[in-house]
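Asker: Here it is, the structure in full.
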Amino acid sequence: MKILVLHGPNLNLFGRREPHIYGTTTLAEIDAWLQKLADELGVTLDTIQSNHEGDLIDFLHAHIDDAQGALVNPAGLTQHGVPLHDAIKAMPFPTVEVHMSNIAAREAWRAHSIISPAVRGTVQGLGPQSYLAALRALVEMQRQPSGT
């Protein structure tokens, strides 16, 4: 089973950007923890971080036929990423939206995600554990006989 991991704009700054919100864990550390969990679960990961929405969309399109699921932290595209929303909806596999912070508890304009209606579920507010919980949930969903 191949799972895609998409990290949106500015997430390459995890560990440096607003540590009072996101903590001091770096994106490289998150990716390493995800890879360790993927190895334990017997799945492969293909990961991208981009500050450009089109790169994330192209990545999804490139894997439309060989992935079985995706995790996406849309970051700043959460509220305005209509093309990313549409690309996620076009995929034949489930996607789980991930946020390190609880977006509902932050600025009012962050509380609404236009990505959420396109995904199977959302995991947020658990810091780096949000990614790990999302990966576990996605793999378990895909391993269920009904895929639910």
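The numbers here are math on the coordinates, done by the rules we state, and not lab data. Every value quoted in this text rests on a predicted model; they were computed, and no experiment measured them. Here Cβ is always computed from backbone atoms with ideal geometry, including for glycine, and neighbour counts include all displayed protein chains.
Asker: Can you put Ile3, Ile114 in order of Cβ neighbours within 10 angstrom, beginning with the fewest? Please list the in-between numbers first.
Answerer: Numbers: Ile3 26, Ile114 15.
So the residues, fewest neighbours to most, are Ile114, Ile3.
Asker: Normalised by the number of residues in the chain, what is the relative contact order in percent for Cα pairs under 8 Å and 6+ residues apart? Let's see the in-between values first.
Answerer: Numbers: 270 pairs, mean separation 37.4, N = 148.
After rounding, I find 25 percent.
Asker: For the chain, give the share of DSSP beta bridges that are antiparallel, in percent and rounded to the nearest 5; count only bridges with both residues there. If you can, show how the numbers build up before the last one.
Answerer: On the way: 0 of 18 bridges.
Just about 0 percent of them are antiparallel.
Asker: Here is a follow-up. According to a simple spin-label model (label point 7 Å from Cα along Cα-to-Cβ), what is the distance in nm between Arg143 and His112?
Answerer: Each label point lies 7 Å from its Cα, and together they span 3.9 nm.
Asker: Continuing with this model, one more query. Take each uninterrupted DSSP H stretch in the chain, measure its Cα extent along the helix axis, and return the ones at 20 Å or beyond whose mean Kyte-Doolittle hydropathy is at least -0.5. Each step should come with its number before you reach the end.
Answerer: Working: long enough: 27-41 (21 Å, 0.19); 129-143 (21 Å, 0.09).
Helices meeting the span and hydropathy rule in the chain are 27-41, 129-143.
Asker: Then there's this: Could you put Thr25, Thr78 in order, starting from the residue whose Cβ has the fewest other Cβ atoms within 10 Å?
Answerer: Working: Thr25 17, Thr78 23.
Taking fewest neighbouring Cβ atoms as first place, the list is Thr25, Thr78.
Asker: Follow-up question, since we're still on this one. Given bins 5 angstrom wide, list per bin the percent of all Cα-Cα distances in region 41-102, short to long.
Answerer: Taking every Cα pair in region 41-102, the percentages come to 4, 16, 31, 29, 14, 6, 1.
Asker: In whole angstrom, how long is each semi-axis of the equivalent ellipsoid of the chain, when you take the square root of 5 times every eigenvalue of its Cα gyration tensor and sort them from largest down?
Answerer: Equivalent-ellipsoid dimensions as semi-axes: 22, 18, 14 Å.
Asker: Given the rule -39500 (n - 2.57) for each run of at least 4 DSSP H residues, summed and divided by the residues of the chain, what is its mean residue ellipticity at 222 nm, to the nearest 500 deg cm²/dmol? Present the calculation step by step, with values, prior to reporting the outcome.
Answerer: Numbers: 5 runs with 53 residues, N = 148.
Computed mean residue ellipticity for the chain: -10500 deg cm²/dmol.
Asker: Label points 7 Å out from Cα along the Cβ direction at Ala62 and Leu13: separation in nm?
Answerer: 2.5
Asker: Now, a different point. Just rank His63, His80, fewest to most, by other beta-carbon atoms within 10 angstrom. All intermediate terms of the calculation are to be shown ahead of the outcome.
Answerer: On the way: His63 18, His80 13.
With the sparsest Cβ surroundings first, the list reads His80, His63.
Asker: Ok, one more. For Thr44, what is the net charge nearby, where nearby means another residue's Cβ is under 11 Å from its Cβ and Lys, Arg count +1, Asp, Glu -1? Please list the in-between numbers first.
Answerer: Details: positive: Lys2; negative: Asp39, Asp46, Asp66.
Counting the neighbours of Thr44, the net charge comes to -2.
Asker: Also: Just to be sure I follow: if Rg is taken over the C-alpha atoms of region 1-86 and Rh is the Kirkwood radius over the same atoms, what is Rg/Rh? All intermediate terms of the calculation are to be shown ahead of the outcome.
Answerer: Working: Rg = 13.3 Å, Rh = 13.6 Å.
My calculation of the ratio gives 0.98.
Asker: Residues with amide H under 5 Å of Gly15's amide H, sequence separation 5 or more or different chain, H placed in the peptide plane at 1.01 Å from N; which?
Answerer: Hits under the 5 Å cutoff: Thr25.
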